[in-house]
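A quick write-up on the structure given underneath.
The values are calculated or read from the model by the stated rules, or taken from the named source; none is laboratory data. Predicted, not measured: the structure shown is a model, and the values here were computed from it. Cβ placement follows ideal geometry from the backbone for every residue including glycine, while neighbour counts extend to all protein chains displayed. Each accessible area value is taken on the protein alone, full model and side chains, heavy atoms only, with ligands, DNA and RNA left out. Shrake-Rupley method; radii C 1.70, N 1.55, O 1.52, S 1.80 Å.
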Amino acid sequence: MKDTLVGGGSGAPVRRDPPRPDGAAEAARRRKKLITLTRPWLLLAPSLVVLAGLLLWPLIQVGKLSLQDYEVKFGGGVGTFTGFDHYRDLLTGDLLWQTVLPNTVFFAAACVGLTVALGTLVALLLNRLGPTWRLICSIAILAAWAMPAVTGTYVWIWLFQPQDGMASQIAGSLGLIDPETTNWFTERGPFYAIATLNVIHHGFPFVAITVLAGLMTIPKELYEAGELDGANAWQRFWNITVPTIKPVFLVVTILSTIWDFKVFTQIYLMPGGDGSNPEVYNLGVYSYIEAFAKNDYGAGAAAAVLLTVLLLVITIVYIRTLFRQGEEDL
């Protein structure tokens, strides 16, 4: 096949390559598509290897442990394969369905709803403040976020200490309880009410700062237009603020759900939460008690796998929601 010569603008001939056969063009197209598909995974490969070592391998070991009766002996441990016996015992037991799972689900739902609500209110307040007071208040609320969970839990225990706790004394002076006979930590309702206050106190700063960042991106002209149309503050919030920063609310809601489903420290450190009161078990505490207090490592691992499955479902919902929101924005 001969090359084709065409005249250029200056009169000199310009060599133009003949078109490549269809087979070569198709091969080049496939090669380009392959590079496009594999390049992101090649860039992510080092991080994925590290995550596999830190997360996937321990998860596989926990899954194997849940299928065994494992005994710790000097110099190591011995496991006897039992199949899905631990899962059958867990899923057919009354403790899971009547106590552990309801405590986990309802506690997480209450914490998420109240944390997002309080954080949003604080963000709206911060958004109305001037720069100086906004900075001061932001630093103040971040102190609650920076406080370790152990320290915060002991503060709330001290506040509700029977007889001489500040909350007990105030409730007693108002005639609501008898401080000498009331113990907030023996019944499931008051126990989880205190735990909920603890989690909200520790978690609302994250929601407040995140929502505040979203609020500061909303143009003021939208609110001015709403005021001209006669919308009150409540209507402006639901018709302007919420739709505009909906992705922010989705992120803080689903992340809070993941965190609150696996709360352990705030439950375990409270009186009765270390296993002496089974009525206040959640999945995390139940798994720990079965494995390390009762030395039933297989049952504890089975409960840990169940909790992991629940968290994976929530994570999948979180990722799909974010992708769906991104497609709608496009």
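Return the long-range amide H neighbours of Gln68 (sequence gap of 5 or more, or a different chain), with a cut-off of under 5 Å between placed amide H atoms.
The answer is Thr82.
Hey, if you put +1 on the Cβ of every Lys and Arg and -1 on every Asp and Glu Cβ in segment 84-329, which of Gly226, Val112, Tyr281 ends up farthest toward the positive end of that dipole?
Gly226
Please report, as a whole percent, how much of the solvent-accessible surface of segment 46-150 comes from carbon and sulfur atoms (probe radius 1.4 Å).
74 percent
Suppose a student asked you for the relative contact order of segment 84-329, using Cα pairs under 8 Å spaced at least 6 residues apart; what percent would you report?
27 percent
Roughly speaking, what is the centre-to-centre gap between segment 31-57 and segment 164-200 when only Cα atoms are used, to the nearest Å?
Rounded to whole Å, the Cα centres lie 52 Å apart.
Working with all protein chains in place, sort His86, His201 by solvent-accessible area computed with a 1.4 Å probe, largest first.
If we order His86, His201 from most to least accessible, we get His201, His86.
Per-residue counts of other Cβ atoms within 10 Å, averaged by peptide: what ranking do you get for 172-178, 263-269, 309-315, highest first?
Highest to lowest by the protection proxy: 263-269, 309-315, 172-178.
Send over a whole-number figure in Å² for the accessible area per residue of segment 84-329, probe 1.4 Å.
Heavy-atom SASA per residue in segment 84-329 reads 54 Å².
Can you tell me which of 155-161, 114-120 comes out highest on packing, and rank the rest after it, using the mean Cβ neighbours within 10 Å?
114-120, 155-161
Given the -39500 (n - 2.57) contribution per DSSP H run of 4+ residues, what per-residue ellipticity at 222 nm results for the chain, rounded to the nearest 500 deg cm²/dmol?
Calculated from helices alone, the mean residue ellipticity at 222 nm is -21000 deg cm²/dmol.
Between Ala108, Ala28, Ala167, where does the largest GNM mean-square fluctuation fall for the chain, given springs only between Cα atoms within less than 10 Å?
Ala28
Given points 7 Å out from each Cα along the Cα-Cβ axis, report the Lys294 to Ile258 separation in nanometres with one decimal.
With each label placed 7 Å out from Cα toward Cβ, I get 3.0 nm.
If you roll a 1.4 angstrom probe over the protein chains with everything in place, what fraction of the accessible area of segment 208-330 belongs to carbon and sulfur, to the nearest %?
Roughly 62 percent of what the probe reaches on segment 208-330 is carbon or sulfur.
For segment 138-148, take each phi angle, set θ = phi - 60°, evaluate the Karplus expression 6.51 cos²θ - 1.76 cosθ + 1.60, and give the result in whole Hz per residue in order, putting x for glycine and proline.
5, 5, 5, 6, 5, 4, 5, 5, 6, 5, x
If you take the charge dipole of segment 122-252 about its Cα centre, with +1 on Lys and Arg Cβ and -1 on Asp and Glu Cβ, which of Gly152, Phe204, Ile194 is farthest toward its positive end?
So the residue we want is Phe204.
Given the convex hull over the Cα atoms of the chain, what projected area results after averaging over all orientations, in nm²?
Its Cα hull, projected and averaged over all orientations, spans 33.7 nm².
Does segment 238-330 classify as rounded, prolate or oblate by the C-alpha gyration tensor (a ≥ b ≥ c root eigenvalues; a/c under 1.5 gives rounded; else a/b over b/c gives prolate, otherwise oblate)?
Oblate.
Put +1 on the Cβ of each Lys and Arg and -1 on the Cβ of each Asp and Glu in the chain; which of Val309, Leu42, Trp57 then has its Cα farthest toward the positive end of the dipole?
The one lying farthest along the dipole's positive direction is Leu42.
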